[in-house]
Amino acid sequence: CYPFHPRLLETAQDRLGALSEFQKSRGVLRLFARILRVVWERKWDVDAISAGEIDWSDPRIRADLLQRLNRDSFTGAADADVGRHAREMDGDEIDGIHRRVASAVLLESIPFQANSGLTSSDATLAVLRPSDAGPEPGEGLDRLVGICWHLYPASSGRGYHFRYEENIYKQIEQRKGQFREDAVIRVRAMAQGHFAGPQFKLVAWPASAQQVPENRDLQLALCESEEIASRVCRYDDEADPSAPMPRMFVNAIVAVAPTPSLLEDAVDRAQS
């Protein structure tokens, strides 16, 4: 079956082939020709073409796997979960593990039967590349379960599959914006609890240097940004920006500030 992955051939012949709308021999040839063309056009350098290389944004692929098989209702899963959520989890990696796993799960979900979908080990078999660490596909599937809008536990009790209906995570995504202020307060409280200790006095979230008193005893300032943290450590009073008063006991103070992206991620999770 080279250059196609054996699992992809098995899925096309046995699972898709069981559908009355799918022409077993001609349908497999047409589908594989479309997948091969996408891989060629995208210039993907892969050892074997698997279900992870299916580009669900390509209109030719959708015509074969969704419209022709009367599975247009999976468009929401293809757009929201494979096209957006999985790609966001992969970040700058164009062909990352989450997109490949989501793509494979969607292909395996098309028969819409009790055994549709993939377990973690099946996902690993379906999309693993020599360049991947062994458990990455299974871990990727676990992470997708907590963010995708159309991913559900399989009715057979083994693994996960996509369904037409939107799950609770869609509602969470739509409503979490109402709770940003509460989420910021929660993240700050968790940080204060983590850094609190008897060895030093904790000063939480000062907006300016003068809110942190001059003191020879050890102090730890939790600051909103690195810029505030720097000013707190350098100055005792900055009311006059042209002549700020330097801090005397600079060896008795430490300021800690979050990385902006990690802070935003923490707030986002607290909102959810």
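The values are calculated or read from the model by the stated rules, or taken from the named source; none is laboratory data. None of these values were measured; they are calculated from a predicted model. All Cβ positions, glycine included, derive from the backbone under ideal geometry; neighbour counts span all protein chains shown. Surface areas here come from the heavy atoms of the whole protein model, side chains and all, with no ligands, DNA or RNA. Shrake-Rupley method; radii C 1.70, N 1.55, O 1.52, S 1.80 Å.
Output the residue which, of all residues in the range 152-197 that are hydroxyl-bearing (Ser, Thr, Tyr) and over 19 Å from the mean Cα position of the chain (by Cα), is most open to solvent (accessible area, probe 1.4 Å). Across the range 152-197, the extreme among qualifying residues is SER155. Checking GLY134, GLY138 one by one, the residue that is part of a helix (DSSP H, G or I) and not basic (Lys, Arg) is GLY138 and no other. In the range 56-84, the residue that is surrounded by the fewest Cβ atoms within 10 Å (Cβ to Cβ) out of those that are acidic (Asp, Glu) and within 18 Å of the chain's Cα centre (by Cα) is ASP79.
Checked against the criterion of being open to solvent by less than 80 Å² (accessible area, probe 1.4 Å), without any contact (Cβ under 8 Å) to a residue 40 or more places away in the chain and either closer than 17 Å to VAL187 by Cβ or in contact with a Lys or Arg (Cβ under 6 Å, 6 or more places away or on another chain) (or both), the candidates ALA270, ALA257 yield just one match: ALA257.
Exactly one residue among ALA266, ALA257 is of a type in the set (A, V, I, L, M, F, W, C), within 30 Å of the chain's Cα centre (by Cα) and under 30 Å from TRP149 (Cα atoms), and that residue is ALA266. Across the range 10-21, what is the total count of residues that are farther than 12 Å from LEU107 by Cβ and open to solvent by less than 50 Å² (accessible area, probe 1.4 Å)? Residues meeting the conditions: 2. Residues that are surrounded by 15 or more Cβ atoms within 10 Å (Cβ to Cβ) and either within 15 Å of ARG71 (Cβ to Cβ) or under 29 Å from the mean Cα position of the chain (by Cα) (or both) within the range 24-44 comprise GLY27, LEU31, PHE32, ARG34, ILE35, VAL38, VAL39, listed in sequence order.
Checking each residue in the range 206-230 for being open to solvent by 60 Å² or more (accessible area, probe 1.4 Å) and among the hydrophobic types (A, V, I, L, M, F, W, C) picks out ALA207, LEU218. Across the range 157-177, the number of residues qualifying as closer than 19 Å to LEU141 by Cβ, aromatic (Phe, Trp, Tyr) and outside any strand (DSSP E or B) comes to 1. Would you point out the residue of the range 103-134, among those that are over 23 Å from GLY17 (Cβ atoms) and touching a residue at least 24 places away in the same chain (Cβ under 8 Å), that is surrounded by the most Cβ atoms within 10 Å (Cβ to Cβ)? Ranking the qualifying residues of the range 103-134, first place goes to SER120. Each residue in the range 124-141 was checked for being at pLDDT 90 or above and either within 17 Å of the chain's Cα centre (by Cα) or more than 11 Å from ILE97 (Cα to Cα) (or both), and 7 of them qualify.
For (1) hydrophobic (A, V, I, L, M, F, W, C); (2) more than 22 Å from ASP79 (Cα to Cα); (3) out of contact with any Lys or Arg (no Cβ under 9 Å at 6 or more places or on another chain), each residue gets a yes or a no:
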residue	(1), (2), (3)
GLN13	no, yes, no
LEU16	yes, no, no
PHE22	yes, yes, no
SER25	no, yes, yes
TRP40	yes, yes, yes
ASP47	no, yes, no
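A residue that is hydroxyl-bearing (Ser, Thr, Tyr), without any contact (Cβ under 8 Å) to a residue 24 or more places away in the chain, part of a helix (DSSP H, G or I) and under 20 Å from LEU151 (Cα atoms) occurs somewhere in the range 74-83.
Residues in the range 108-122 that are of a type in the set (A, V, I, L, M) and more than 20 Å from the chain's Cα centre (by Cα) were compared, and the one that is nearest to ARG68 (Cα to Cα) is ILE110. Just one of (1) at pLDDT below 90; (2) not in a loop (DSSP other than H, G, I, E, B) fails for ASP95. It is (2).
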